[in-house]
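Worksheet: one structure, shown below.
The values are calculated or read from the model by the stated rules, or taken from the named source; none is laboratory data. These figures come from a predicted structure and were not determined experimentally. Note that we place each Cβ from the backbone using ideal geometry, even for glycine, and neighbour counts take in every protein chain shown. We work out accessible area using only protein heavy atoms, side chains counted, and drop any ligands, DNA or RNA first. Shrake-Rupley method; radii C 1.70, N 1.55, O 1.52, S 1.80 Å.
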Amino acid sequence: MQDVDEIDWPALREAAREVAALAFAPWSQLHVGAAGLTDQGWIARGCNVENASYGLSLCAECGLVSGLRSGGAERLLAVSVVTQDGLPLAPCGRCRQLLLEHGGRDLAVDQGPDSPPITLGELLPLAFDASELSRRQP
Ligand code: THU
């Protein structure tokens, strides 16, 4: 496991900003990019893809998690989510839950250059997770 102090946050943030430029967001005009350091050491990316049927829109984090798995990695260690200006965006509630399954409570989440990263556990306290299912198996 990589130490959180050793994570190259500017590189992760820049990867997120670059992929935000590829977003499809004609309805909100909010171009979002997500980049995550994987357990294999490479950076997975995703951008938001909107739909005219608004509720079908995919957040950038959905693409990120798909990229993680399809690239052969299993775990996210650190994540940066930014808008087109390169400033961090707080992951939405649904995506906090999504990230939890693939990065756990210790996943480090970027808060920009002026603040230390925050853990996903802090962003999503008392979360529902897979242990709730296994605990209730008959
Ligand atoms: N969005 C994301 O991509 N990630 C988030 O965590 C919050 C919101 C996108 C969804 C939609 O395309 C746009 O931002 C406005 O909500």
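Every listed requirement among (1) within 16 Å of the ligand (Cβ to nearest atom); (2) within 28 Å of residue 130 (Cβ to Cβ); (3) open to solvent by 60 Å² or more (accessible area, probe 1.4 Å) is met by residue 100 save one, (3).
Here residue 59 clears all of (1) modelled with pLDDT under 95; (2) under 11 Å from the mean Cα position of the chain (by Cα) except the condition numbered (1).
Somewhere in the range 108-115, is a residue open to solvent by less than 20 Å² (accessible area, probe 1.4 Å), modelled with pLDDT of 95 or more and part of a loop (DSSP other than H, G, I, E, B)?
Of all residues in the range 108-115, those open to solvent by less than 20 Å² (accessible area, probe 1.4 Å) come to 108-110, 112.
Retained after the next criterion (residues that are modelled with pLDDT of 95 or more): 108-110, 112.
Okay, now just the ones that are also part of a loop (DSSP other than H, G, I, E, B), so 110, 112.
Yes, because at least one residue in the range 108-115 is open to solvent by less than 20 Å² (accessible area, probe 1.4 Å), modelled with pLDDT of 95 or more and part of a loop (DSSP other than H, G, I, E, B).
The set of residues in the range 79-89 being closer than 20 Å to residue 4 by Cα and either assigned to a helix (DSSP H, G or I) or open to solvent by less than 20 Å² (accessible area, probe 1.4 Å) (or both) consists of 79, 80, 81, 82.
Scanning the range 19-45 for residues that are farther than 25 Å from residue 3 by Cβ and assigned to a strand (DSSP E or B) yields 24, 32.
Within the range 28-56, being of a type in the set (A, V, I, L, M), over 11 Å from the mean Cα position of the chain (by Cα) and near the ligand (Cβ under 8 Å from one of its atoms) holds for 30, 49. Evaluate the range 6-23: report whether one residue or more is in contact with a strand residue (DSSP E or B) (Cβ under 8 Å, 6 or more places away or on another chain), of a type outside the set (A, V, I, L, M) and within 13 Å of the ligand (Cβ to nearest atom). Checked against the condition, which is being in contact with a strand residue (DSSP E or B) (Cβ under 8 Å, 6 or more places away or on another chain), of a type outside the set (A, V, I, L, M) and within 13 Å of the ligand (Cβ to nearest atom), the range 6-23 yields no hits at all.
Regarding residue 126, is this residue part of a loop (DSSP other than H, G, I, E, B), at pLDDT 95 or above, open to solvent by 80 Å² or more (accessible area, probe 1.4 Å) and not β-branched (Val, Ile, Thr)?
Spelling it out, residue 126 is indeed part of a loop (DSSP other than H, G, I, E, B), at pLDDT 95 or above, open to solvent by 80 Å² or more (accessible area, probe 1.4 Å) and not β-branched (Val, Ile, Thr).
Would you check if residue 86 is at pLDDT 95 or above, farther than 23 Å from residue 129 by Cα and either more than 12 Å from the ligand (Cβ to nearest atom) or among the β-branched types (Val, Ile, Thr) (or both)? Working first, answer last.
Details: at pLDDT 95 or above: yes; farther than 23 Å from residue 129 by Cα: yes; either more than 12 Å from the ligand (Cβ to nearest atom) or among the β-branched types (Val, Ile, Thr) (or both): yes.
Judged against the criteria, residue 86 is a match.
Among the residues of the range 1-56, those that are at pLDDT 95 or above and of a type in the set (Asp, Glu) comprise 8, 14, 18, 39, 50.
Applying a threshold of 8 Å to beta carbon distances and a minimum spacing of six or more residues, or different chains, the list of pairs starting in the range 52-78 at a residue that is open to solvent by 70 Å² or more (accessible area, probe 1.4 Å) and part of a loop (DSSP other than H, G, I, E, B) and ending at one that is modelled with pLDDT of 95 or more and among the acidic types (Asp, Glu) reads 74/39; 75/39.
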